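Only one structure is covered here, and it is reproduced in the block below.
The values are calculated or read from the model by the stated rules, or taken from the named source; none is laboratory data. For clarity, every value in this text was computed on a predicted model and none was experimentally measured. Glycine gets a Cβ as well: all are built from the backbone with ideal geometry, and neighbour counts include every protein chain shown.
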Amino acid sequence: MAEKNQFIPREAQEEYLQAYLNVMKLWKVEYQSLEVETSFGTTHINFCGSKDNSPLLLLHAASVSSAEWYANVKELSKDFYLIAPDTIGDCGWSRCHAEMENRDHYNQWLMEIMDHLHLEKSHIMGHSYGGWLALNLAISHPEKLDKMVLLAPAASLAPFNLIIKMALKMPRLPLMPSAEKTLKMMAAQDFEPPIEFVELMDVVNRHFKPKMVFPTVYSDPELQNIKNPTLLLMGDQEKIYPPLKAVKRARKLIPNVKSEIIIDAGHILNMEKPEEVNSRVIKFLKSE
């Protein structure tokens, strides 16, 4: 099946791949990469940590690729075997051959990856869109997961603010804010993203056309059906929806959830407050 090019022009893909590699240098830990064939295309996966440790599947936010975990992988890989795919249909090194059209397709894609890697079960951590995907898998296939960590999951618990929803639905226009300004808008005050990550996002903003299912809020029965122990982390300056509203709904509906608000953090809390996020994730996943 032919690859669906998502870079306009196609030559921009080379610019993107170089920017991606520059961000991967920020991982500060030895990693390996593998390409896995799935029903929806070729999935690029980055791995680090010992295979003797419990696996932890990392699902990234929209538009940022698995490279976004640069501030987390060094610490997390000391205790877990990290598996970080680039989501099909989103930016990254994965190549889309067939579009994801519904939530079931994402579950099928993830389970094909797990089957290929001989993973009967795994911890999972998702940021933003990746959090939406993690919840989706937990709702339908709890037997595939051990514990789940959600970092500001997109929609999922509360509707997007109107401005955020409009921005996500609009086509990218020449007069849109720069990548650096957008990152700072999504973060708490005084966050300075690394130049390598800004340059990666700049290529995405100028040239990438995503092919993804728009995230939605999960119903009460769906959230009540989650069986996996869950940790929910949000910044007190979350931008996409009121954080306290989302946390309150999670506490009310998800049976086995722990939640915490990270002070002075916005939507990209794993980059803004990596020490606080990493320590909480490790403590939760290692607890009995």
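Numbers below:
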read-out	value
Residue check, Phe197 under 18 Å from the mean Cα position of the chain (by Cα), within 28 Å of Trp93 (Cα to Cα), surrounded by fewer than 16 Cβ atoms within 10 Å (Cβ to Cβ) and of a type in the set (A, V, I, L, M, F, W, C)	no
Residues of region 246-271 that turn out to be in a loop (DSSP other than H, G, I, E, B) and under 16 Å from Pro159 (Cα atoms), as a count	1
Output for region 260-288, where each listed residue is modelled with pLDDT of 95 or more and over 17 Å from Ser77 (Cα atoms)	Glu260, Ile261, Ile262, Ile263, Asp264, Ala265, Gly266, His267, Ile268, Leu269, Glu272, Lys273
Per-region count, region 216-240, residues surrounded by fewer than 22 Cβ atoms within 10 Å (Cβ to Cβ), more than 20 Å from Ser122 (Cα to Cα) and touching a residue at least 24 places away in the same chain (Cβ under 8 Å)	8
Selection count where residues are among the small types (Gly, Ala, Ser) and under 20 Å from Ile263 (Cα atoms), scope region 177-203	2
Any hit, region 74-89, residues being under 24 Å from Lys121 (Cβ atoms) and touching an Asp or Glu at 6+ places or on another chain (Cβ under 7 Å)	no
Residue identified as acidic (Asp, Glu) and either touching a strand residue (DSSP E or B) at 6+ places or on another chain (Cβ under 7 Å) or over 28 Å from Ala155 (Cα atoms) (or both) among Glu101, Glu14	Glu14
In region 126-167, residue farthest from Leu269 (Cα to Cα) [restricted to those that are small (Gly, Ala, Ser) and part of a helix (DSSP H, G or I)]	Ser140
Residue within region 45-60 that is assigned to a loop (DSSP other than H, G, I, E, B), in contact (Cβ under 8 Å) with a residue 60 or more places away in the chain, buried (at least 24 other Cβ atoms within 10 Å of the Cβ) and not hydroxyl-bearing (Ser, Thr, Tyr) present	yes
Members of region 264-281 found to be in contact with a strand residue (DSSP E or B) (Cβ under 8 Å, 6 or more places away or on another chain) and over 19 Å from Ala61 (Cβ atoms), listed by number	Asp264
Positions within region 123-173 being β-branched (Val, Ile, Thr) and surrounded by fewer than 22 Cβ atoms within 10 Å (Cβ to Cβ), in sequence order	Ile139, Ile163, Ile164
Hits in region 61-104 - residues which are more than 18 Å from Val213 (Cβ to Cβ), of a type outside the set (Lys, Arg), assigned to a helix (DSSP H, G or I) and touching a helix residue (DSSP H, G or I) at 6+ places or on another chain (Cβ under 8 Å)	Ala67, Glu68, Trp69, Tyr70, Ala71, Val73, Glu75, Leu76
Within region 32-44, considering residues that are crowded, with 16+ Cβ neighbours inside 10 Å and in contact with a Phe, Trp or Tyr (Cβ under 8 Å, 6 or more places away or on another chain), the one nearest to Pro274 (Cα to Cα)	His44
Of all residues in region 110-122 being in contact with a strand residue (DSSP E or B) (Cβ under 9 Å, 6 or more places away or on another chain) and not in a loop (DSSP other than H, G, I, E, B), the one that is surrounded by the fewest Cβ atoms within 10 Å (Cβ to Cβ)	His116
Residue satisfying all of: in region 69-99; of a type in the set (A, V, I, L, M) and crowded, with 21+ Cβ neighbours inside 10 Å; modelled with the lowest pLDDT among these	Ile88
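Yes/no per residue for (1) within 30 Å of Lys121 (Cα to Cα); (2) more than 19 Å from the chain's Cα centre (by Cα); (3) among the hydroxyl-bearing types (Ser, Thr, Tyr):
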| site | (1), (2), (3) |
| --- | --- |
| Leu135 | yes, no, no |
| Glu143 | yes, yes, no |
| Lys147 | yes, no, no |
| Asn161 | no, yes, no |
| Ile164 | no, no, no |
| Lys181 | no, yes, no |
| Phe191 | no, yes, no |
| Met212 | yes, no, no |
